[in-house]
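The values are calculated or read from the model by the stated rules, or taken from the named source; none is laboratory data. It should be emphasised that the depicted structure is a prediction, and the values quoted were computed from it without experimental measurement. Cβ placement follows ideal geometry from the backbone for every residue including glycine, while neighbour counts extend to all protein chains displayed. For the accessible areas, the whole protein counts, side chains as well, though only heavy atoms, and no ligand, DNA or RNA atoms are used. Shrake-Rupley method; radii C 1.70, N 1.55, O 1.52, S 1.80 Å.
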Amino acid sequence: MSVFRSGDQPPGWCELTGFEFIDLTDQLLPIPVAADKQRLLVTRGSCRLRSAKGAQVLSEGQFLDMDGANGPFTADAGDGTAQVLVFYGRWGNELGGCGVFKLGPDSPVPVKGDPVIYPKSTNFDSHYHDCDEYWVIIEGAGTVVVGSRAFEVEVGDCVAIGMGHHHDLPHVRTDVKGAYFETTLEGRKRFGHLWEHTHGPADVRPERV
């Protein structure tokens, strides 16, 4: 686990090398391709992305991989406003999920996740992945647990979670909206939330902390 912000240098094991938020209006804005792999995720509103292949409208939670061969790229928000999150990195071709999640305080209810020994005030599940995962906090603040470590996160933080490490979001101070990106699938290459009581022991990569 590691927490970094836009402009910081991520740990060397990370496939994500950087990220940035871009606010869009009705004015066309160039979005250069600045990495081997680049993904644009809409985090608020709707975005019209133009490239050599034409124009495509993406809504909140939708994404598009930006290949330099299809550039140049420009984006706008039509007659409204929008926000996009651009990921930069060196991930592979077999990927997990990507999108936007929202989480508020809730009466804890039985969830499918693995059992935990710490208190919870959300119904988020403790789980692991057959890949690394990155959470970027868009709104709100809360407590993240990765393995045996707990720490506070706020807007602009990116949490890098190594393959096989259990992680959870057991408390929020204010409602959280975040982006998630599960990069290259490895090992058994299963996607989605995995639990030891259902899927077996996690394939932990201990160097990815």
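Placing pseudo-labels 7 Å out from each Cα toward the beta carbon at L29 and A141 gives an inter-label distance of 2.5 nm. Full extension of the chain segment joining V204 with E154 gains 15.4 nm, where the gain is 0.36 nm per residue of separation less the Cα-Cα distance.
Close amide H partners of G99, meaning residues 5 or more places away or on another chain with modelled amide H under 5 Å apart, are Y180. Let me make sure I get this right: for segment 80-209, a, b and c are the square roots of the gyration tensor eigenvalues over alpha carbons, sorted descending. Under 1.5 in a/c it's rounded, otherwise prolate if a/b > b/c, else oblate. Which is it? Oblate shape, in that a/c is at least 1.5 and b/c is the bigger or equal ratio.
Taking a point 7 Å from the Cα of E186 along the Cα-to-Cβ direction, the residues of segment 3-23 with backbone N closer than 11 Å to it are 13-15. Counting only protein heavy atoms and a 1.4 Å probe, the chain has 47 square angstrom of accessible area per residue.
For the chain, the relative contact order is 23 percent, taking Cα pairs closer than 8 Å that sit 6 or more residues apart in sequence and dividing their mean separation by the residue count. Which of the three applies to segment 1-155, rounded, prolate or oblate, going by the alpha-carbon gyration tensor with a ≥ b ≥ c and a/c under 1.5 meaning rounded? The shape class here is prolate.
Figure note: D132, D23 ranked by solvent-accessible area, largest first, 1.4 Å probe, ligands and nucleic acids not counted: D23, D132. Separation of segment 125-159 and segment 14-67, taken as the distance between their Cα centroids, equals 23 angstrom. Of the whole protein surface, F101 contributes about 30 Å² of accessible area at a 1.4 Å probe radius. Please sort by residue number the chymotrypsin sites (Phe, Trp or Tyr not before Pro) in segment 143-203 whose DSSP state is loop and whose Cβ has at most 14 other Cβ atoms within 10 Å. The qualifying sites are F191. With θ taken as phi - 60° and the Karplus curve 6.51 cos²θ - 1.76 cosθ + 1.60 applied, the whole-hertz 3J(HN,Hα) list for segment 40-55 is 9, 10, 7, 10, 7, x, 10, 10, 9, 10, 9, 8, 5, 8, x, 10 Hz, x standing for glycine and proline.
Comparing H171, H129, H193 in a Gaussian network model of the chain, where Cα atoms under 10 Å apart are tied by springs, the biggest mean-square fluctuation is seen for H193. Here each label is just a point 7 Å from Cα along the line to Cβ, and for T17 and D67 those points are 1.9 nm apart.
How many percent of the accessible area of the chain is carbon or sulfur, using a 1.4 Å probe? The value for the chain is 51 percent carbon and sulfur by accessible area.
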